[in-house]
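The values are calculated or read from the model by the stated rules, or taken from the named source; none is laboratory data. If you're wondering where the values come from, they're calculated on a predicted model, not measured in any experiment. Virtual Cβ from ideal backbone geometry, glycine too; neighbours counted across all protein chains shown.
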Amino acid sequence: MPASLARPVTWWRRQSLRLRVTAAATAVLALALAASAYVFVAVLGEALVRGIDDQVYQRGREIVALSDANRLSDPVVSSDNTIVQVLDREGRIVDATPNTDRLVPLLPAASREAAVRTGSPLFLDGRPYALPGPLRVRALSADHGVTVIVARSFAEVESSMVTIGHVLIAGMPLLLALLAAVSWLVVGRTLRPIALLRRGAAEVGATARSRRLPVPEARDEVHALATTLNDMLGRLEEADARQRALVSDAAHELRSPLASIRLQLEVALSHPEGQDWTETAEGVLEDTLRLSRLAEDLLALARLDEGRLGRREPVDLVSMARRTAERYGLDLDLGLDLAPSVSPVVASPVVLGDTLDLRRVLANLVDNALRHAASAVGIGVRAEGSVAELTVTDDGPGIRPEDRERVFDRFTRLDDARSRDDGGAGLGLAIVRTTVEAHGGTVHLEDASPGLRAVVRLPLAR
Ligand SMILES: Nc1ncnc2c1ncn2[C@@H]1O[C@H](COP(=O)(O)OP(=O)(O)OP(=O)(O)O)[C@@H](O)[C@H]1O
Ligand SMILES: [Mg+2]
């Protein structure tokens, strides 16, 4: 864009929507009005001229008929304002209406002949003949070489055209000003709800309390926009509330191991003599491990919430389940009959995902099962169609159907006291669900009568 154009364009873009809409509408209307006024004046002018021509011609025919019948009275009567001159073969005026010269023909010989030949009317300035304004003239030939010249003043038509022109010139700006004012008002009215929305949005930023935008009554686009924005604000508010709850829950969970550490250290320091420092260290270590587990779980959740997935690699569920079963079989001394029933499958089910994440899913489920089992825990792996199914079953008390979804929420523990002693913060199943969903799978709990079965379904790798 040339520099000379860039400045007005920038200026235009900076103006308010109200001004731009009003100006554009007014400009378009001005163009339309000017075009229609031009067409109107042209058509009207032509029609008026044609009317005069018709009158002139009619009068001419009458005079020619009278002349041919030799019944021309002297002088020719002029009932209207037409001017008539009857010329003989030599071009002398033999008869004329009183309103014209009886000596000088309106048309000199040459143009008279041409006018007779073409038969078309001409414009003529009447002033040299002491006639006011322009004339419309026509020449017709009659018998015996007689020529009839008929003319009529064009002044009336001219003055009415001038009047119409004046009316248009004065009326158009008035009409334009009226339209500009109306569109200024209408656009302002239309934009008012948007201004209210804007103000509402500004207040949302300022005070945390009023988190809703004003919704206009009219069921228009602004109404839809306000509703959508309010829905969005609602979702943000919910997310915000969840975040706050998470922070306060996390702080709550941090408090008890920290308080426990502090208490143990204070007691030990207040009676240093005869203190079993090994026991103190073991107690402190236990609480520290709880703290670090909590921190790890929170970090894992934060990473999953951000949608930062781990690697995407083929993970063999059978070998993962076998390793986990072996590990727990060796590590645990709970007197449980840990019989990992890894059911053999034709082709080992492989899913795409992050090994460490999926291992944590299984570990969390096995942790829960071991904590609640009466005597046995089983891990099962199956493949069905395009889905791999991983199950962890125990024979413990199970979970009531109405609680089986709730336990997936963060920091939700059903047997609060016992879980707390065991060090659980209630994040295990939340991590399981978030991880499984990030892998495109589902997880639910079902009755294993007796006990509970956690079922994880993941899409098989192709
Ligand atoms: N196999 C199960 N049998 C009975 N109840 C269970 C079982 N697994 C989980 N629950 C209940 O569900 C609750 C939530 O489990 P979740 O794994 O999320 O937390 P947690 O085990 O208490 O703590 P964390 O896993 O963070 O150490 C547990 O507190 C427990 O009450
Ligand atoms: Mg758990």
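Among the residues in region 423-439, are any of a type in the set (Lys, Arg), within 16 Å of ligand 2 (Cβ to nearest atom), closer than 30 Å to residue 255 by Cα and surrounded by fewer than 18 Cβ atoms within 10 Å (Cβ to Cβ)?
Among the residues of region 423-439, not one is of a type in the set (Lys, Arg), within 16 Å of ligand 2 (Cβ to nearest atom), closer than 30 Å to residue 255 by Cα and surrounded by fewer than 18 Cβ atoms within 10 Å (Cβ to Cβ), which makes the answer no.
In the set 384, 389, which member is more than 14 Å from ligand 2 (Cβ to nearest atom) and either β-branched (Val, Ile, Thr) or without any contact (Cβ under 8 Å) to a residue 12 or more places away in the chain (or both)?
So the residue among 384, 389 that is more than 14 Å from ligand 2 (Cβ to nearest atom) and either β-branched (Val, Ile, Thr) or without any contact (Cβ under 8 Å) to a residue 12 or more places away in the chain (or both) is 384.
Taking residue 104 as the residue in question, decide whether it is in contact with a Phe, Trp or Tyr (Cβ under 9 Å, 6 or more places away or on another chain), in the same structural domain as residue 82 (by TED's automatic domain parsing), exposed (fewer than 15 other Cβ atoms within 10 Å of the Cβ) and among the aliphatic types (A, V, I, L, M).
It is true that residue 104 is in contact with a Phe, Trp or Tyr (Cβ under 9 Å, 6 or more places away or on another chain), in the same structural domain as residue 82 (by TED's automatic domain parsing), exposed (fewer than 15 other Cβ atoms within 10 Å of the Cβ) and among the aliphatic types (A, V, I, L, M).
Residue check, residue 145 against (1) at pLDDT 85 or above; (2) closer than 30 Å to residue 133 by Cβ; (3) surrounded by fewer than 16 Cβ atoms within 10 Å (Cβ to Cβ), all met but one. Which one?
In the conditions (1) at pLDDT 85 or above; (2) closer than 30 Å to residue 133 by Cβ; (3) surrounded by fewer than 16 Cβ atoms within 10 Å (Cβ to Cβ), residue 145 misses (2) alone.
On the basis of being at pLDDT 90 or above and not assigned by TED's automatic domain parsing to the domain that holds residue 133, does residue 48 make the cut?
Judged against the criteria, residue 48 is a match.
Would you point out the residue of region 352-386, among those that are polar (S, T, N, Q) and within 12 Å of ligand 1 (Cβ to nearest atom), that is surrounded by the most Cβ atoms within 10 Å (Cβ to Cβ)?
368
Considering (1) hydrophobic (A, V, I, L, M, F, W, C); (2) away from ligand 1 (no atom under 12 Å from the Cβ); (3) out of contact with any Gly (no Cβ under 6 Å at 6 or more places or on another chain), say which one residue 431 fails and leave the rest.
Going through the list (1) hydrophobic (A, V, I, L, M, F, W, C); (2) away from ligand 1 (no atom under 12 Å from the Cβ); (3) out of contact with any Gly (no Cβ under 6 Å at 6 or more places or on another chain), residue 431 breaks only (2).
Restricted to region 272-303, and to residues that are within 16 Å of ligand 2 (Cβ to nearest atom) and surrounded by 14 or more Cβ atoms within 10 Å (Cβ to Cβ), which residue is farthest from residue 437 (Cα to Cα)?
290
Criterion first (away from ligand 1 (no atom under 11 Å from the Cβ), small (Gly, Ala, Ser), modelled with pLDDT under 90 and crowded, with 16+ Cβ neighbours inside 10 Å) does residue 461 satisfy it?
Yes, satisfied.
Go over the candidates 183, 153, 160 one by one and state the one that is more than 30 Å from residue 61 (Cα to Cα), modelled with pLDDT of 85 or more and among the small types (Gly, Ala, Ser).
Every option except 183 fails the conditions.
From the list 171, 205, exactly one residue is modelled with pLDDT under 90 and of a type outside the set (Lys, Arg). Which is it?
After ruling out the rest, the residue left standing is 205.
Please work out which residue is modelled with the lowest pLDDT, limiting yourself to region 405-437 and to residues that are in contact with a helix residue (DSSP H, G or I) (Cβ under 8 Å, 6 or more places away or on another chain), farther than 16 Å from residue 242 by Cβ and in a loop (DSSP other than H, G, I, E, B).
423
Suppose we filter region 264-306 for residues that are more than 19 Å from residue 248 (Cβ to Cβ), of a type outside the set (D, E, K, R) and in a helix (DSSP H, G or I); how many remain?
Residues that pass the stated criteria total 18.
Against the condition near ligand 1 (Cβ under 8 Å from one of its atoms), in a strand (DSSP E or B), modelled with pLDDT of 90 or more and of a type in the set (A, V, I, L, M, F, W, C), how does residue 390 come out, does it pass?
Considered against the rule, which asks whether it is near ligand 1 (Cβ under 8 Å from one of its atoms), in a strand (DSSP E or B), modelled with pLDDT of 90 or more and of a type in the set (A, V, I, L, M, F, W, C), residue 390 comes out as no.
Would you point out the residue of region 441-454, among those that are under 18 Å from residue 373 (Cβ atoms) and either more than 16 Å from ligand 2 (Cβ to nearest atom) or in a loop (DSSP other than H, G, I, E, B) (or both), that is nearest to the chain's Cα centre (by Cα)?
Only one residue tops the list, namely 446.
Give me the residue from region 7-26 that is among the polar types (S, T, N, Q) and at pLDDT below 90 and, out of that set, nearest to residue 190 (Cα to Cα).
Filtering first and then ranking leaves 16.
Of a type in the set (D, E, K, R), more than 30 Å from residue 239 (Cβ to Cβ) and modelled with pLDDT of 90 or more, is that true of residue 296?
Here the answer is no, as residue 296 does not meet what is asked.
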